[in-house]
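A short worksheet on the structure shown next.
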Amino acid sequence: MSLSAKLQLRQSQSVVMTPQLQQAIKLLQLSNIELTAFVETELERNPLLERPENNAILSSSENKNEASDLSSHQDVQTADEWLKSSQDMSAQDQTSGLDADMDTIFPESNGSVADFAPKQDTDFPLQNDWSSSRSYNNSSGTDEINLEAFVSETPSLCDHLTEQLNLAISDPVMRMIGQHLIDTLDDAGYIRGQLENLADRLGAPLSLVEETLAIVQTFDPIGVFARDLEECLSLQLKERDRYDPVIAQFLSHLHLLAKHDFESLKKICPDAEDLADMIAEIKNLDPKPGLRFGRVMVQPVVPDVIVRKRNDGAWHIELNNDTLPKVLVNQSYYTTVSGTTRSETEKNYLQDCLQTANWLVKSLDQRARTILKVSEEIVRQQDAFLTYGIQHLKPLNLKTVADAISMHESTVSRVTSNKYIATNRGIFELKYFFSSAIQSSGNGDAHSSEAVRYRIKQLIDNEPPRKVLSDDKIVERLKAEGIDIARRTVAKYREAMNIPSSVQRRREKKMAN
């Protein structure tokens, strides 16, 4: 057999994904935040893309509201009406401001300084005074209002502690040490690092650092500047005058409380009543006092789809236009620039920008239509859940939805990733509605795993303290309700919901009583 090189023609079929097709598939699985970032990048890169003007967005939004019969928007004042009403109130204040007394401005005031604070439950208190101050302070004579002047900034934990440091400590050396201690705090209010290292870095005696630490540990909120959980809880108990040798020993064994090892805790405190009081006291403390100042930024979930119930009982499904980035292709700019191009390179670049811009606009529109189509089918499948609650959530898989809307399963999977839907039951990820099926013990329909989990939690929450349900008892209850489930599945669902075993629950309820 001889080896030789030769040319051969062969015809075959294969799927070739163009870069545009790959990018379109990628857009499907992007969340609204990731999609916005992608569009911003394209706006900077492509000169033919532009954002629509505010007037166009406003008119489209108004048309959308009219089409959806959202009559509640008709009662909202426009910006011009609000400014006009503010100016009218301002003029009234200027004419009658000299006749106003303290009772008129603070009608509930008893003369104390605390009464002069604005009430938290009132909407825009002293709005007339704002308008007056604007009129008096507006030297330019224009009617513009600087809304930023009325925005209050929430103080951070560092600012809150620094303000107290400047009032409590006058010695410049100790104040500098206190400021460094503030800088070492984490979001929860704990000191991260050794005091010895801080003393060496500042060149200060360790005793002075510890003296400063003792002062700043009295700052609000109580519990900050602690080095561990035990010290944090001790500071709060000392503030409440509840710290004694018994509870100090109890705090040194917090790991036993975390394990629910009440037998070992009884050796520390033989009196069961005192032990129950100490456990209740510990649970009322704040283990992370620094978090109340909101230094941990939490990104709220913004739904991509909104579901509302209409008067006729049907479900109205619409996209949340606030999460959809809007771009337009500037055809007039393309026409102007294309007439001045000289070289072939410039023409190719301009043509490529036009194709990319048109593709992006088309892909965004197709993505929105696909999300809406998938959401409509999910709502149709889970109508009982939206109407009656989680116990009526049906088992659902990707293939069922894909076959109903004539799409591929992978497309449905990408669409439901990182997408959220706002319903009358709350905001859920689209993947939440896809759950495995648990067979019925009779001839009834299968049950959703999420519905079974909810039923297990209901049974445990309603169990009497003297008759704690074991996993076997829960299985018997569920089978009596027509749910065929194994004991190990009940244990798996219970552990996933962070529910302790029946033995641990029995101990906790015994200590609580």
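The values are calculated or read from the model by the stated rules, or taken from the named source; none is laboratory data. Remember, it's a predicted structure, so these values are computed and weren't measured experimentally. Please note: Cβ atoms are built from the backbone with ideal geometry, for glycine as well, and neighbour counts cover all protein chains shown. Just the protein is used for accessible areas: all its heavy atoms, side chains included, with ligands, DNA and RNA removed. Shrake-Rupley method; radii C 1.70, N 1.55, O 1.52, S 1.80 Å.
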Within the stretch 332-370, of all residues that are under 37 Å from the mean Cα position of the chain (by Cα) and without any contact (Cβ under 8 Å) to a residue 12 or more places away in the chain, the one farthest from T411 (Cα to Cα) is K362
Can you go through K399, K373, K419 and tell me which one is exposed (fewer than 14 other Cβ atoms within 10 Å of the Cβ), modelled with pLDDT of 90 or more, of a type outside the set (D, E) and within 32 Å of the chain's Cα centre (by Cα)?
K399
Going residue by residue through the stretch 494-505, is there one that turns out to be out of contact with any strand residue (DSSP E or B) (no Cβ under 7 Å at 6 or more places or on another chain), of a type in the set (D, E) and at pLDDT 85 or above?
yes
Breaking point among (1) open to solvent by 60 Å² or more (accessible area, probe 1.4 Å); (2) touching a residue at least 12 places away in the same chain (Cβ under 8 Å); (3) aromatic (F, W, Y), for Y243
(2)
Which ones in the stretch 317-344 are closer than 30 Å to A384 by Cα and either assigned to a loop (DSSP other than H, G, I, E, B) or open to solvent by 50 Å² or more (accessible area, probe 1.4 Å) (or both)?
N320, N321, D322, L324
Scanning the stretch 256-271 residue by residue, the ones that are closer than 16 Å to K283 by Cβ and assigned to a helix (DSSP H, G or I) total 5
Being surrounded by 14 or more Cβ atoms within 10 Å (Cβ to Cβ), touching a Phe, Trp or Tyr at 6+ places or on another chain (Cβ under 8 Å), hydroxyl-bearing (S, T, Y) and in contact (Cβ under 8 Å) with a residue 12 or more places away in the chain narrows it down to one residue among S502, S470, S440, S449; which is it?
S449
Within the stretch 199-233, how many residues turn out to be under 19 Å from M176 (Cβ atoms), open to solvent by less than 10 Å² (accessible area, probe 1.4 Å) and either among the basic types (K, R) or assigned to a helix (DSSP H, G or I) (or both)?
5
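This table checks each residue for (1) more than 21 Å from Q504 (Cβ to Cβ); (2) modelled with pLDDT under 80; (3) among the hydrophobic types (A, V, I, L, M, F, W, C); (4) assigned to a helix (DSSP H, G or I).
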site: K238; (1), (2), (3), (4): yes, no, no, yes
site: Y243; (1), (2), (3), (4): yes, no, no, no
site: A276; (1), (2), (3), (4): no, yes, yes, yes
site: I282; (1), (2), (3), (4): no, no, yes, yes
site: M297; (1), (2), (3), (4): yes, yes, yes, no
